[in-house]
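Input: a single structure, listed below in structure tokens.
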Amino acid sequence: MTHLVIDREACAGHGLCYGSAPGIVESDEQGDPVILADPVPSGLLGQAQRVVAYCPERALELRE
Ligand code: SF4
């Protein structure tokens, strides 16, 4: 199983991830990202890989 993990120390909370991958990441009430799909379903792996690459702070990682 593949998990999308957030490094809370590195995350700047600017929301590019949940704007670009709304099926996987959502915003909580404070505007911080929350992982919706854990483990990541195989059909969403491509989207998960893209959002990892998209995070400018390198705060997202896929782990097996
Ligand atoms: S794009 Fe990266 S740094 Fe920005 S809110 Fe999402 S996880 Fe945090």
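The values are calculated or read from the model by the stated rules, or taken from the named source; none is laboratory data. Computed from a predicted structure; not experimentally measured. Note that we place each Cβ from the backbone using ideal geometry, even for glycine, and neighbour counts take in every protein chain shown.
Within the range 26-37, the only residue that satisfies the criterion of being within 21 Å of M1 (Cβ to Cβ), modelled with pLDDT of 90 or more and either near the ligand (Cβ under 7 Å from one of its atoms) or among the small types (G, A, S) (or both) is P33.
One line per residue, one yes/no per condition, for (1) modelled with pLDDT of 95 or more; (2) in contact with a strand residue (DSSP E or B) (Cβ under 7 Å, 6 or more places away or on another chain):
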| site | (1), (2) |
| --- | --- |
| H3 | yes, yes |
| E9 | yes, no |
| G15 | no, yes |
| Y18 | no, yes |
| I24 | no, yes |
| P39 | yes, yes |
| R50 | no, no |
| L60 | yes, yes |
| R63 | yes, yes |
